[in-house]
1. Looking at the range 364-391, which of the residues that are in contact with a Ser or Thr (Cβ under 9 Å, 6 or more places away or on another chain) and either open to solvent by less than 10 Å² (accessible area, probe 1.4 Å) or among the aliphatic types (A, V, I, L, M) (or both) is nearest to E133 (Cα to Cα)?
2. Output the residue which, of all residues in the range 4-17 that are touching a helix residue (DSSP H, G or I) at 6+ places or on another chain (Cβ under 6 Å) and of a type outside the set (A, V, I, L, M), is modelled with the highest pLDDT.
3. Taking into account only those residues within the range 226-277 that are among the basic types (K, R) and either in contact (Cβ under 8 Å) with a residue 40 or more places away in the chain or outside any helix (DSSP H, G or I) (or both), which is surrounded by the fewest Cβ atoms within 10 Å (Cβ to Cβ)?
4. Taking A169 as meeting all but one of (1) at pLDDT 85 or above; (2) more than 35 Å from the chain's Cα centre (by Cα), write down the number of the exception.
5. Check off (1) closer than 20 Å to L154 by Cα; (2) at pLDDT 85 or above for H306 and give me the number that stays unchecked.
6. Look through the range 180-225, keep the residues that are polar (S, T, N, Q) and not in a helix (DSSP H, G or I), and return whichever of them is surrounded by the most Cβ atoms within 10 Å (Cβ to Cβ).
7. Could you identify the single residue in S220, S205, S228 that is among the hydroxyl-bearing types (S, T, Y) and at pLDDT below 85?
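The values are calculated or read from the model by the stated rules, or taken from the named source; none is laboratory data. Quick caveat: nothing in here was measured; it's all calculated off a predicted structure. Ideal geometry is used to build each Cβ from the backbone, glycine not excepted, and the neighbour counts take in all protein chains shown. Side chains are part of the model used for accessible areas, which takes the heavy atoms of the whole protein and leaves out ligands, DNA and RNA. Shrake-Rupley method; radii C 1.70, N 1.55, O 1.52, S 1.80 Å.
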Amino acid sequence: MVEKSELLRVPVFADLPDDQLDWFISQAQELHLKAGETYSRQGDPADAMFVILEGHLHGRGELNGETIVFDLEPGDVTGVLPYSRMKQFTVGQRAETDSRALRFPASLFPDLIQKMPELTKRLVGLMSDRIREVTRLEQQRDRLVSLGKLSAGLAHELNNPASAAKRAASQLGHMLKKIRDASLELGRRDLTPTQKSEIEKLETSFTQPDVVPPDPLTISDLEDQIDSLLRSHGQNDLWQLAAELARRNIKPEMVESLFANLDGDTARAALVRIAASVEIASLLHEIESSTSRISDLVGAIKEYTHMDQAPVLNVDVVKSLETTLTILNHKLKQGVAVQRDYKGIPLLVNSFGSELNQVWTNIIDNAIDAMHGKGELRVRTYSDDGCAVVEITDNGPGIPEEVEPHIFEPFFTTKGVGEGTGLGLDTVQRIVKKHRGNIQVSSKPGETRFQVWLPLAGAPA
């Protein structure tokens, strides 16, 4: 027999009148559970509330593909609660040790609400806490999934320039040996000051950093002309050097000037040195370009996460958008053309950390998916009525009419199992509202536009 004193030790029953406790006990069924015994199964009808009195119990189930595990101790209340819309138990529960519990049937909730209003209020508060915790876990999972996708893309984006820099550095060692050997060969020659000057002048002109590479057809023609010129001077094994010079847009008459002022062997040594210098200049440019790309990506990651910055700060909306586009470049470059239309002056808004980037990421990522990775993304910013306005438009198939009213609802998703939690646009809306802004969407086949309004920094609340 359950004593009222046992029930009073349960937090939600504390301080309730004796007559209410007596009624509750009279309507509930006392359960004596053996260790390992299951008292509710996932998928069973949600037809009862359980009050744990003794022992240790364990709950386990799955929600949106994620395993949920929790423990229950004396004083906990589990199962369905008043006003809950739960139709089936989402988890299974079993006793880990010999346990006791009270089972209160859900069919008596109307009587409970009438006879025990204070308990009802406390149980509704408990249900709200549950919802917040489940939502928090889902949002955390959503962030981790997004982070995983971004991390995979960023790893690929970082690997490309890193591999290019490593490859160029490896080739650089070989070129340095080649230029050293050619320099030693030239050093053994008795060159006049004029000849040395001519070699240095040509080398300088050949290694200009901002040479625009010609088109492939022009390179092929230049290579043939330079190779023919070298062969005419008895240099039949310098075809590779001809290709290197052609890629740098070196004209045949510039090569001819060497043979006009130097004997054949000296001109050959000078050409080998000059070609090595040209290749070294090209490799250094590749290393600089690759490491700059890595630096830009790292900078974008820091900007995206707002590392080393205050929690709340003035954020340039355009800079925030560009950072997000950089982070998502691994998906965009597969076939999405980005059209930008930015207002000329900075649009500053008060932002909490990286939350605005989360807004842009969700909207743009959804747009890319809607276009199946191929299409046009238009990003526009302007100011209106004290607000910064951001429009993100894609030319995908549009949002179906029956779906559009629900896109901001928590857990609503049109993606397959495991592909989305339905919290992306719900999160977007919450963040925008947190910033005292609003979000609107309009959609038709060939054009879906999200419009985000955010108060400009310094604008009246």
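1. Here the residue is I364.
2. Checked the range 4-17; the qualifying residue modelled with the highest pLDDT is F13.
3. The extreme case among them is K251.
4. (2)
5. (2)
6. Looking at residues that are polar (S, T, N, Q) and not in a helix (DSSP H, G or I), I get T207.
7. Testing whether each residue is among the hydroxyl-bearing types (S, T, Y) and at pLDDT below 85 leaves just S205.
Residue-wise test of (1) more than 35 Å from the chain's Cα centre (by Cα); (2) hydrophobic (A, V, I, L, M, F, W, C); (3) under 22 Å from S5 (Cα atoms).
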residue: E30; (1), (2), (3): yes, no, yes
residue: G36; (1), (2), (3): yes, no, no
residue: Y39; (1), (2), (3): yes, no, no
residue: A46; (1), (2), (3): yes, yes, no
residue: V51; (1), (2), (3): yes, yes, yes
residue: R60; (1), (2), (3): no, no, no
residue: F70; (1), (2), (3): no, yes, no
